[in-house]
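Colleague: So that we are looking at the same thing, I have put the structure below in structure tokens.
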Amino acid sequence: MLTINSLVKRRGSQQILSGISFEARPGRVTGFLGPNGAGKSSTLRILLGLDRATSGSALIQGKPYAELHHPLATVGAALDGSGAHPMRTGRAHLRWIARAAGLPRSRVEEVLELTGLSDAAGKRVRNYSLGMGKRLGMAAALLGDPDILILDEPVNGLDPEGIRWIRTFLRKRAESGHTVLLSSHLMGELAETVDDVVIIKQGTIVAAGTLQEVIGRHSSLEEAFFALTMEKAGDGV
Amino acid sequence: MRISSGRRITPILGAELDKFRTLPLIRLTLTVTFILNIALTAAFTSVSLQETTGTQNTLNTGLASMGYLQAGFIILGILATCSEYTGGQIRTTLTAMPWRGVQISAKMLALAMITIPAAFIMAASGVLYAFIMLGDTALMTEIGTVIQTLAGATGYLTLTALLSAAVGAILRRTTPAVVVLLGYYFIVSPLTRDWLPGYLPDKAGYYMYTPPSVDAGNILTPMEGTGVAMLWTLSLMAAAILLYRRRDA
């Protein structure tokens with residue numbers, strides 16, 4: 001369970017998040033959608049304890065990230081990019097993470113296998129393609145077999161096969177009772193994957209609910225998204 | 001925070017050591033530093049052999065390259081902390097180990113665990129080279145003084161690496177950290193030699209590996225030099241940890 005409550009983030013004079021609230025529940029895939037620069041990544045970074053909120057809270061099972069006892073067994077996160085030093089091999093990257101989390105080395109081979117990186121594991125990360133970097137990020141997120149997955153733009157840069165794999169994987173994850181929160185600015189790729197939708201625009205939530213509720217009278221999630229975000233943009237005109 | 005820091009530190013220290021071990025730049029820096037130090041010591045030794053007047057001190061000749069040797073340890077320190085900010089690794093580090101104070105302290109400890117043996121081997125190899133080459137012409141130095149001086153040199157290089165790691169953690173980017181630190185050690189410090197004689201980190205540190213002598217007019221004893229250099233390092237480390245805990249990653 002992820003709980004975002006009246007979250008505000010200011011950077012200098014810039015208001016990035018103006019008091020957003022939403023939840024991501026177990027057993028469901030929650031899509032956190034919005035155009036680039038809407039505040040999706042900032043929200044996820046605060047949730048993961050990377051950035052500090054100006055006010056409000058972002059809690060994981062009721063606790064701030066830094067207070068989790070076994071963070072990697074609770075939350076697996078893949079943000080933009082691989083999150084690995086380009087000079088290190090994929091395997092060495094996963095091994096130090098496993099060491100930090102007290103996980104066995106065999107687990108590293110398991111997640112390499114799972115993400116299809118076994119053959120590339122000995123290569124330096126700087127030689128990875130965008131898709132392979134993404135897979136490495138996923139492998140790191142899955143190391144601790146976490147209850148919750150938080151993924152920033154998970155399908156961005158993946159080939160059709162990779163996108164299909166992610167979709168199936170996330171559905172299975174949610175069906176077995178896990179919580180999945182994923183952010184995206186792509187609507188089409190997500191409509192079939194998500195149960196709940198939260199739409200953010202310029203640091204404010206403009207819609208939240210089940211997929212059907214958010215689509216409402218519109219013909220598709222994409223239509224609903226544009227209608228909702230345009231309405232908001234048109235407010236001042 | 002019900003889990004004690006003690007139980008946490010072992011895996012975190014292991015992870016930080018793993019990071020150093022698997023980053024090729026760290027190994028490269030240590031190897032190049034070792035080779036250049038021997039080459040410089042060879043040059044200083046041959047100059048020393050050509051000088052017919054004056055006493056030739058094995059220790060002075062063997063450690064004549066310290067001014068340059070420290071550059072390798074400055075780079076090592078910078079790499080230790082700034083490499084976190086390449087490829088977005090800092091996000092991985094902080095999600096795996098969100099206890100920031102403990103994590104960065106473990107990194108500093110891991111750095112010291114690598115630096116202490118590396119610094120000792122490099123300083124000792126220079127002195128050993130000078131001892132072999134200068135042979136009989138060398139003024140015999142007492143073994144006690146040799147050990148004390150090598151310990152001082154090791155301590156100085158370790159403190160320099162830690163201080164550089166702290167500055168790297170504050171600046172977070174390799175290039176500015178290199179410019180600031182090499183600029184200080186190789187331009188600012190030599191230019192300000194006559195002012196603030198013993199109170200800047202490198203000037204105080206110089207006395208850590210310079211045995212007290214009556215005629216040279218040392219401003220600080222090795223112990224005082226160690227104290228001042230340590231104070232600089234600990235202050236910058238404290239500032240780095242404080243900032244690291246408060247800043248957005």
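The values are calculated or read from the model by the stated rules, or taken from the named source; none is laboratory data. Quantities reported herein were computed from a predicted structural model and do not represent experimental measurements. Neighbour counts are summed over all protein chains in view; Cβ atoms, including those assigned to glycine, are modelled from backbone coordinates with ideal geometry.
Colleague: Does A:VAL206 count as β-branched (Val, Ile, Thr) and crowded, with 21+ Cβ neighbours inside 10 Å?
Modeller: Against the criterion (β-branched (Val, Ile, Thr) and crowded, with 21+ Cβ neighbours inside 10 Å), A:VAL206 does not qualify.
Colleague: I want to confirm something. Restricting to the range A:80-109 and keeping residues that are assigned to a loop (DSSP other than H, G, I, E, B) and over 21 Å from the mean Cα position of the chain (by Cα), which single residue is farthest from the other protein chains (Cβ to nearest Cβ)?
Modeller: Within the range A:80-109, the match that is farthest from the other protein chains (Cβ to nearest Cβ) is A:PRO104.
Colleague: Among the residues of the range A:110-137, what is the count of those that are within 14 Å of another protein chain (Cβ to nearest Cβ) and either at pLDDT below 95 or within 15 Å of B:GLY87 (Cβ to Cβ) (or both)?
Modeller: Number satisfying all stated conditions: 12.
Colleague: In the range A:69-79, which residues are more than 7 Å from chain B (Cβ to nearest Cβ) and within 27 Å of B:PRO24 (Cα to Cα)?
Modeller: Hit for the range A:69-79 is A:ALA78, nothing else.
Colleague: If I filter the range A:176-199 for residues that are surrounded by 19 or more Cβ atoms within 10 Å (Cβ to Cβ) and either touching a His at 6+ places or on another chain (Cβ under 8 Å) or outside the structural domain of A:ALA38 (by TED's automatic domain parsing) (or both), do I get at least one hit?
Modeller: Checked against the condition, which is being surrounded by 19 or more Cβ atoms within 10 Å (Cβ to Cβ) and either touching a His at 6+ places or on another chain (Cβ under 8 Å) or outside the structural domain of A:ALA38 (by TED's automatic domain parsing) (or both), the range A:176-199 yields no hits at all.
Colleague: Is it the case that the range B:153-166 has a residue that's within 14 Å of chain A (Cβ to nearest Cβ) and either modelled with pLDDT of 95 or more or under 13 Å from the mean Cα position of the chain (by Cα) (or both)?
Modeller: no
Colleague: Of the numbered conditions (1) in a helix (DSSP H, G or I); (2) of a type outside the set (D, E, K, R); (3) surrounded by fewer than 19 Cβ atoms within 10 Å (Cβ to Cβ), A:LEU136 fails exactly one; give the number of that condition.
Modeller: Condition not satisfied by A:LEU136: (3).
Let's see how each residue does on (1) modelled with pLDDT under 95; (2) more than 8 Å from chain A (Cβ to nearest Cβ); (3) more than 21 Å from the chain's Cα centre (by Cα); (4) in a helix (DSSP H, G or I):
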site: B:MET1; (1), (2), (3), (4): yes, no, yes, no
site: B:PRO11; (1), (2), (3), (4): no, no, yes, yes
site: B:PHE20; (1), (2), (3), (4): no, yes, no, yes
site: B:THR31; (1), (2), (3), (4): no, yes, no, yes
site: B:LEU49; (1), (2), (3), (4): yes, yes, yes, yes
site: B:THR92; (1), (2), (3), (4): no, no, yes, yes
site: B:GLY101; (1), (2), (3), (4): no, yes, yes, yes
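Colleague: Any residue in the range A:53-72 that is under 21 Å from the mean Cα position of the chain (by Cα), of a type in the set (S, T, N, Q) and either part of a helix (DSSP H, G or I) or closer than 30 Å to A:ARG11 by Cβ (or both)?
Modeller: yes
Colleague: Return the residues of the range A:209-226 that are surrounded by fewer than 17 Cβ atoms within 10 Å (Cβ to Cβ) and either in a strand (DSSP E or B) or in contact with a Lys or Arg (Cβ under 9 Å, 6 or more places away or on another chain) (or both); say none if nothing qualifies.
Modeller: Within the range A:209-226, A:GLY209, A:THR210 qualify.
Colleague: Does any residue of the range A:157-172 turn out to be in a loop (DSSP other than H, G, I, E, B), more than 21 Å from A:ALA84 (Cβ to Cβ) and among the charged types (D, E, K, R)?
Modeller: no
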